[in-house]
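One structure below.
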Amino acid sequence: MAVGDWAKRTSHRLRRDAHMLWIAARDPRTPFIAKVIGGIVSAYVLSPIDLVPDFVPILGVIDDLLIMWFGITVAVRIVPRPLMAEHRAAADAAVERPISRLGAIMIIGLWAIIATFIALQIWALRYW
């Protein structure tokens, strides 16, 4: 098995599982904590804004993969197996990828909070 084939399969599985968690987050049968984790991970994955931008060599991709892998693993373990199989089938059958405006707003808000904190720290150091 070539590394390229493994990377393609893994990438497809992560995208499908992120979509699956997006579907699971909207299902009333899904446990609340799984909804929260799944919603955050899905919003992050589907958001065009990243914690570390993708153009940063290696780190830009690794942070996405680690956040996706960890979040998906945790959320999948919380949701009951039969329910997860149902959501996985729905994600496989879906044609379009969902768009997360709320996720983009959450990521922008997080960046705004971080930028404000850094600016206040720099301002405090300047007048200290």
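The values are calculated or read from the model by the stated rules, or taken from the named source; none is laboratory data. Predicted, not measured: the structure shown is a model, and the values here were computed from it.
Of the residues Arg15, Arg26, Arg9, only one is among the charged types (D, E, K, R) and more than 24 Å from Ile105 (Cα to Cα); which? On inspection, the qualifying residue turns out to be Arg9. Per the listing Asp54, Asp17, Asp63, the residue uniquely modelled with pLDDT under 75 and of a type in the set (D, E, K, R) is Asp54.
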